[in-house]
Amino acid sequence: MSKMQSTEITGAESEIAAKVEKKEEEMLRSSDSASSLSLFPSLALENTRPWAEIAREWPTRCLTREWSAPNSQSGSLYFSLLNCSQPIRTIQAHLYIGPSNPPEKEKIGEQQSLSLSHMDMNMAVAAMPPQSQGASFLTKQTFQFPITTFSLLLPATNRNRKPLFLFSTQLSSPVTSKKDEQRRLSFTIDYLVDSCGLSPEYAIAASRKLLLDSPERPNTVVKLLREHGFSTAQISSLVKKRPVLLLANAQSVLLPKLRFFLSIGVSKSLLARTLSSDPTILTRSLLNQLIPSYNFLKSVLYADDKIVAALRRTTWVFLEDHTKNLVPNINFMSETGVPEKCIQLLLTHFPEAVMQKNQDFRGIAKQAKEMGFDPKKSTFVLAIHALSGKGNKSIWDKCFQVYHHRWGWSEDDILCAFKKHPHCMMLSERKINRTMEFLVKEVNLAPRSIAQCPVVLFFSLEKRIIPRCSVIKVLAAKGMVKEDWSLTSLLVPVEKVFLEKLVIKYEEELPELMDVYRGYTKLLTSPEHLD
């Protein structure tokens, strides 16, 4: 039996939140074995300090569990911690061992007057790579049993930080033989290879974070993923990144999250691609993280399809603490005069730009304004995206070199093109060169003239530019149109308008013109077709 002790909170909203959290905790523990715990403490890195001082920072939530073991035996505590925001090498745990009901937070420091004891224990990290988002911990010290009750208390260093999710806590057997441990290791590796499609090398690496006793629980996880459209390769990718998810309760933990995303319009195929690419979402609380994130995005974007589009770009729209960067950046844009539809455009298609640090975001917005962008136009937020991040800065530099050195654009030409279409500074070198080469060498356009209409650089060479230029060249050779046409009038109109204006209009005189457009015949330089 277990109980969760929370800090004192007031108000109807807080009471509802507490009930929701309690319900989720019960769901997560529903199928755990007697030696397994699912905890929701507020966890954070903590330097060693006096227990009385630690106690004054009682965590937001703390689960206490009654437990018993045979007399005169010892064991160690093992658990897996997910969603670490930074690399962890050691963590200081403060274990409370005592009565079933933990004392009130104000009285913990008065140890002498209470019948309780505690241990300060160093947790040793097992095989956690740099920048890992999850880790396994094993106590260096052992417990002397029987223990009637224990609570894991770890104070938060940041009050605004959302609680981390302690995925699985297990009390190890008092005596574990090397032979038994080797058996579990061998079984885990075989299972990861045979059932999850991992290579032996990846399976060995994953086994450092995960040891399986039996196939029952991981089988339910794999089965659930397959039922929701995950391919073998996608399951393999997910397990490589988050092997401990195989220990999750498929029905009470994973299924509600999958159903939630499907309910807001995420297709099974997109869900499988997204989660296999970044399964972090599955380690987050549905009620405390995912649903609140959805509600926030809904308040800004209004439509589920826009939320799905943002998720397609990055899962971090559901993982980020929105109060940290998103809210300040959105408020700043509103104060600057950016229209709501432009804010939605940026958050929907380029959410990573809105999620950067507020100070950096303000600096980039200032730079865009100094370059002549009007905050009331969509090009302003597109410029913010193009100027954001080290990756985009690197792409910008490469584009500048191509435009300036290969095609002779001046700095003014580049700025002119950038102001007309900011994303022209985010194209690949190959895309720029192929389009420019055709327009300059085949159509005889001056390179600098293309800077006045940079949108053409985004059009498909094979599906749009070449077919339309082929049509206009045939018509010009027949004297049916002037040769001095503009890029804007030729390439910008939608297909229906182009066909009506330059193909259907001349079909009687040139019935083969539609074939030219569709690419079935080549009449660009064939004299017999032009006579």
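The values are calculated or read from the model by the stated rules, or taken from the named source; none is laboratory data. Nothing here was measured: the structure is a model prediction, and the numbers come from that model. Cβ placement follows ideal geometry from the backbone for every residue including glycine, while neighbour counts extend to all protein chains displayed.
Asp321 meets all of the listed conditions (1) assigned to a helix (DSSP H, G or I); (2) of a type in the set (D, E, K, R); (3) in contact (Cβ under 8 Å) with a residue 60 or more places away in the chain but one, namely (1). Only one entry in Leu445, Leu439 is surrounded by 15 or more Cβ atoms within 10 Å (Cβ to Cβ) and either outside any helix (DSSP H, G or I) or charged (D, E, K, R) (or both), namely Leu445.
Applying the selection to segment 206-228, what residues are surrounded by fewer than 15 Cβ atoms within 10 Å (Cβ to Cβ) and within 24 Å of Arg259 (Cα to Cα)? Hits for segment 206-228 are Glu216, Asn219, Lys223, Arg226, Glu227. Within segment 177-189, the set of residues being part of a helix (DSSP H, G or I) and farther than 12 Å from Ala206 by Cβ comprises Lys178, Lys179, Asp180, Glu181, Gln182, Arg183, Arg184, Ser186, Phe187.
Among residues of segment 449-475 that are small (Gly, Ala, Ser), those with a beta-carbon under 7 Å from a residue that is surrounded by fewer than 22 Cβ atoms within 10 Å (Cβ to Cβ) and modelled with pLDDT of 95 or more at least six positions away or on a different chain give the pairs Ala451/Trp409; Ala451/Asp413; Ala451/Cys416.
Does segment 259-269 contain at least one residue that is more than 24 Å from Glu320 (Cα to Cα), assigned to a loop (DSSP other than H, G, I, E, B) and polar (S, T, N, Q)? No, segment 259-269 contains no residue that is more than 24 Å from Glu320 (Cα to Cα), assigned to a loop (DSSP other than H, G, I, E, B) and polar (S, T, N, Q). Sub-6 Å Cβ pairs linking a first residue in segment 477-500 that is surrounded by fewer than 14 Cβ atoms within 10 Å (Cβ to Cβ) to a second residue that is modelled with pLDDT of 85 or more and in a loop (DSSP other than H, G, I, E, B), at least 6 apart or interchain, are Thr488/Cys453, ordered by first then second residue. Scanning segment 357-405 for residues that are among the hydroxyl-bearing types (Ser, Thr, Tyr) and surrounded by fewer than 18 Cβ atoms within 10 Å (Cβ to Cβ) yields Ser378, Ser394.
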